[in-house]
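Reading through the structure tokens given below for one structure.
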Amino acid sequence: MAPPSGSAAYKKKDGTLTMSQDRQSISWIPAAGGATGTITLSVSQITNLQQTPASNPKVMLKIFVLPPDAPDNSPEQYVFNFTAGANARAEADAIKDALSAAIQAAKTAQAAPTPSPAPGAGEGMSTAMAFASAVSSKSTWDNDKWLKGDVELQQSLLKSDPNLQRMFMESLHTKPDTLTAGQFMSQFWSTRIHLLRAHAIERSQTRGSYNVLSTLKPRVEDNVTKLNISKEQIQLIFNQHPLVRRVYDENVPKLSEAQFWSRFFQSRLFKKLRGERLSETDATDAILDKYLQADEHGNLPREAHVPHFLNLEGNEVNNSQRRGNRPDLDMRWSAPDKVPIIRTLNSLSEKIMANVAPADGDPHAPVGMDEDTYNELQLRDLRGDEEADRVLLNIRDQSRFFSAQAKDSEDEQNRLFAQQDPEKILSDLRREIEQNLPDDGTAPLGRLVEPDELGDEKESNQQPGSRVSLQKSSAQIIAAIRDRRAQTDVSSTTGTYGLSSGLYDRLNLTHATTTEFLHQFWQAFLSGNPDRAAELSSLVDSLSRAMERIKAVAQDAEAERQVEVDRKKRHAREVMEATGKKPRLNLSSIQGGEKVVNQLMGPTIQALETAQAKYKAALAEEMKEASAQ
Amino acid sequence: MNAVDATEHYETSARDPAPALLTVVLDTNPHAWALLEDSLPLSKAIANILVFLNAHLACNYANEVAVVASHSQKAAWLYPHENPATKISHDADGDVSMNGSSTNNNTTEGPGQVNKYRPFRIVEEQVTHNLRELMASTSGPDVKANNSTMMAGALTLALSHINRRSIAWAEAHGADTAAETSGGGPPSGGHASGTDTTEGLQSRILIVSVSGASDSAHQYIPIMNSIFACQRLHIPIDVCKLSGDAVFLQQASDATKGIYMSLTEPRGLLQYLMMAFLPDQRSRRHLVLPTRVDVDFRAACFCHRRVVDIGFVCSICLSIFCEPLDNGTCLTCGTNLEIGDYGAKPAVVARKRKKKKRVNGPSGTATPTPTPTPGP
């Protein structure tokens, strides 16, 4: 195949855009001026391709090239305007397809990490041009840049995820003014690339074809059998059953369309294609019954390559009787009229699968006795268990795993251990056990557990099990239980923590957007990129605004609680006026208010403060450096 | 006449709450016990534990106990220990041979001993006997060589015993539990379904620990594996810490919903055992447990033991580091890791000059990251 070429204008000069013979570069040669104005772009440097959508009468191809020495975020752009009139679209498509294939090949060969997304890549895209992503859709989700730039994909993701949409809108509204929408979008999506990728993959999946004939169910209306059939269904029937297409071709001019279908659905042929058994009572049809004996596969080219392991033809050669065995009856080819339903289902599945592009394996690969075939023929069941292929994790030094902060006390203990004389401690232990725990289980447990209280009081208090020690230990246990109960009590107030649900939702949203801005702040702050300094300061502004928003929510919550408090007080007054008794007011039982908000948002507030403090410290340091220079 | 049908007896017994198996892992590290000698000698601690075991046995006639010693050079069974050399031999049906040995005859000295409840007595005899043997078999060099205790081995012994007993119990109690056994692991410990009739043997582990943790570092992975096995089988690990402190034991009891107590007053051991550790899983559901509330979950880096807010985690072995590693090699597993342009010195002032001194590695433009740091 000759490399594709097409006449295209670059910077309003006419010329020819040609793919090189080895498909490693693409060059544009101006029609006038000879080779001097030639532009040659290496495929390996091309980062992106964009083409005007098919609906657009203008045919343009935009090539993004990243020269190896250029910084990451400044790809050069070449726009070629195809000028071949009616032929322009075809030429452009040919070049684009060839290019994307070459790019794909170059990418897989490189296997290099994709370049980090450039800040504000979304801006670079001119919305007026509305370029459609041109490189084959297969790789779209592998490229972070495309994912970040594809506004349509993002919109569709937002539509499918209302939570994300809510947060997106809220963050968009509260973003600092200095941050453009484009910057904001690119930042917002840069941390959600995985969502975009999943969504892109999800969208690219399509429903496959299905068994049409089995879904056609006639219904009876006014004693007339009726069946609705759509154009798509006819299309599918033709695809799946080439025989029907043949019958249709040969007969329709003679029969009317409606007549043909009504006869077909009542015919034996229909039953046969559905895999049902024919019976004598079935209506005969002079025209269609001719085709009953026809090859149901029609002219469908059979996949020639059958794995040897499954190929029944191999059994034909196997003459079992020669060795004195019984005739081999299993796994033999049999006449088509046996078990028609299985045959029909098999052939149908075959046809449906034939229309699906195989994701694995190359259909053009040579067929023959290669290594794969050899492997195929091996009887895997006869092999032993395969050895587990594990990745070994080598742990070098485990000593640090256990040492807690209390390193000193551990060292102290080790020192004490080292001082001990092993023989002495062993003999002490043995003697003690000998003395207190006789070998035959006659240990006086009662005496061991409960010390003699009669002796010196001071001494007996030092004994295990003395009254004092028991008191101390039970005090510890009860204290632990008290702590524990206090903790479980707090967590039992679930739900909205006494806030009204509207306020709680607002709090939730505030939290989400604050987290989003914190995220963006840290990304910019830690990027170490001086170009983003302006953006950073605007993000800091938005952080302080986030703090204000939290405070606003807290104030509203307090106001809400105050209303409740007032109501209770008023009620108490009324009760007092009516009965003359002062009821006990328990205002602390009213939950909610500022306290709860601050409690819930505590970590967030702390995070905001930390971020701001870090920023201030870094700012002060840089200022000092700047003035020192 | 159906009322006198004898099967009724079995029907009701099948509805009885399942018995509990209490496995005590006793840390017998001689070093640590020698330090404790003044406050709580080993023999008294054993006596306390025996009383506790008796209490457990008394709760239900079918309750079982097991005792494993986690010694300095090995883990050993204290009870049940099938030792043919033991003077008091038990037949398969649990009979004691009548022609008792000389030691057996000595029981006459204490008139109360002959009337001791049999299960108590068997446990006491075996535990004390095996402990003496264990101590006798320990040599000075053994103790000298090892400051720590064989906790991993002891936990593994305990778990395998629990497994065996659970299967045996399930088999003995027939169809009710058959479905549960076939489903996966043996029915042990707590249960997920919440139906009391189908639960298996209730197992739990009590670790009486005296050793510190740092010396058993080389057992880290086996211990963690045992802990995860317990978590999976719903076996709570209770920890009774007499001295020292071990982070991993705290985490063990927390992960398995057991009770962790670090005793401030080791002399009151029995009080602790009886108050805190006696209830079985079934009762614990209705109780406020005295476990500590402040388990330390903060991540500390592996390189300097600092508690970190922002750390770097090895994607292979999950070690935590407080700062980017030199040339990206994980200190623990040696994997070569790539670090993105994270951690560069923050630039807060826009500069005209392109050239900028960086603290960390080459400039951000030259180190592309495939994906930005994922958000929290």
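The values are calculated or read from the model by the stated rules, or taken from the named source; none is laboratory data. In this text the structure is predicted, and so the values were computed from the model without any measurement. When we count neighbours, we look across all protein chains shown, and the Cβ atoms used for this are built from the backbone with ideal geometry, even at glycine. Keep in mind that these areas ignore ligands, DNA and RNA; they rest on the heavy atoms of the full protein, side chains included. Shrake-Rupley method; radii C 1.70, N 1.55, O 1.52, S 1.80 Å.
Quick notes
- Neighbours by Cβ (under 6 Å, 6+ apart or cross-chain): first from the stretch B:224-235, within 14 Å of residue B:259 (Cα to Cα); second open to solvent by 30 Å² or more (accessible area, probe 1.4 Å) and not in a helix (DSSP H, G or I): none
- Residues within the stretch B:245-276 that are more than 15 Å from the chain's Cα centre (by Cα) and either without any contact (Cβ under 8 Å) to a residue 40 or more places away in the chain or open to solvent by less than 40 Å² (accessible area, probe 1.4 Å) (or both), tallied: 12
- In the stretch A:204-216, the residues that are modelled with pLDDT under 75 and either in a helix (DSSP H, G or I) or open to solvent by 70 Å² or more (accessible area, probe 1.4 Å) (or both): A:206, A:207
- Taken over the stretch B:31-73, residues that are surrounded by 21 or more Cβ atoms within 10 Å (Cβ to Cβ), within 10 Å of chain A (Cβ to nearest Cβ) and not in a helix (DSSP H, G or I) amount to 3.
- Restricting attention to the stretch B:124-134 and to residues that are within 7 Å of chain A (Cβ to nearest Cβ) and without any contact (Cβ under 8 Å) to a residue 40 or more places away in the chain, the residue that is nearest to residue B:70 (Cα to Cα) turns out to be B:132.
- Scope the stretch B:197-225; condition at pLDDT 80 or above and surrounded by fewer than 24 Cβ atoms within 10 Å (Cβ to Cβ); matching residues: B:222, B:224, B:225
- Taking residues in the stretch A:149-175 that are closer than 20 Å to residue A:509 by Cα and in contact (Cβ under 8 Å) with a residue 60 or more places away in the chain, and partners anywhere that are open to solvent by 70 Å² or more (accessible area, probe 1.4 Å) and not polar (S, T, N, Q), the pairs with Cβ atoms closer than 9 Å and at least 6 places apart or on different chains are A:174/A:545.
- Among residues of the stretch A:150-168, those that are more than 14 Å from chain B (Cβ to nearest Cβ) and open to solvent by 20 Å² or more (accessible area, probe 1.4 Å), counted: 12
- Test: residue in the stretch A:548-567 that is in contact (Cβ under 8 Å) with a residue 12 or more places away in the chain and within 14 Å of chain B (Cβ to nearest Cβ): no
- Just so you know, in the stretch A:606-623 the residues that are open to solvent by less than 30 Å² (accessible area, probe 1.4 Å) and touching a residue at least 12 places away in the same chain (Cβ under 8 Å) include one that is farthest from the other protein chains (Cβ to nearest Cβ), and it is A:608.
- The set of residues in the stretch A:509-536 that are within 7 Å of chain B (Cβ to nearest Cβ) and either free of Cβ contacts under 8 Å to residues at least 12 places away in the same chain or of a type outside the set (S, T, N, Q) (or both) comprises A:519, A:525, A:526, A:527, A:528, A:530, A:533, A:534, A:536.
- For the stretch A:169-203, a residue qualifies if it is farther than 18 Å from residue A:145 by Cα, surrounded by 14 or more Cβ atoms within 10 Å (Cβ to Cβ) and within 14 Å of chain B (Cβ to nearest Cβ), and exactly one does: A:171.
- Put simply, of A:465, A:441 the only residue that is in contact with a His (Cβ under 9 Å, 6 or more places away or on another chain), modelled with pLDDT under 75, at the interface with chain B (Cβ under 10 Å from one of its Cβ atoms) and open to solvent by less than 80 Å² (accessible area, probe 1.4 Å) is A:441.
- Among (1) surrounded by fewer than 17 Cβ atoms within 10 Å (Cβ to Cβ); (2) assigned to a helix (DSSP H, G or I), the one test that residue A:581 misses: (2)
- Any hit, the stretch A:259-274, residues being open to solvent by 30 Å² or more (accessible area, probe 1.4 Å) and outside any helix (DSSP H, G or I): no
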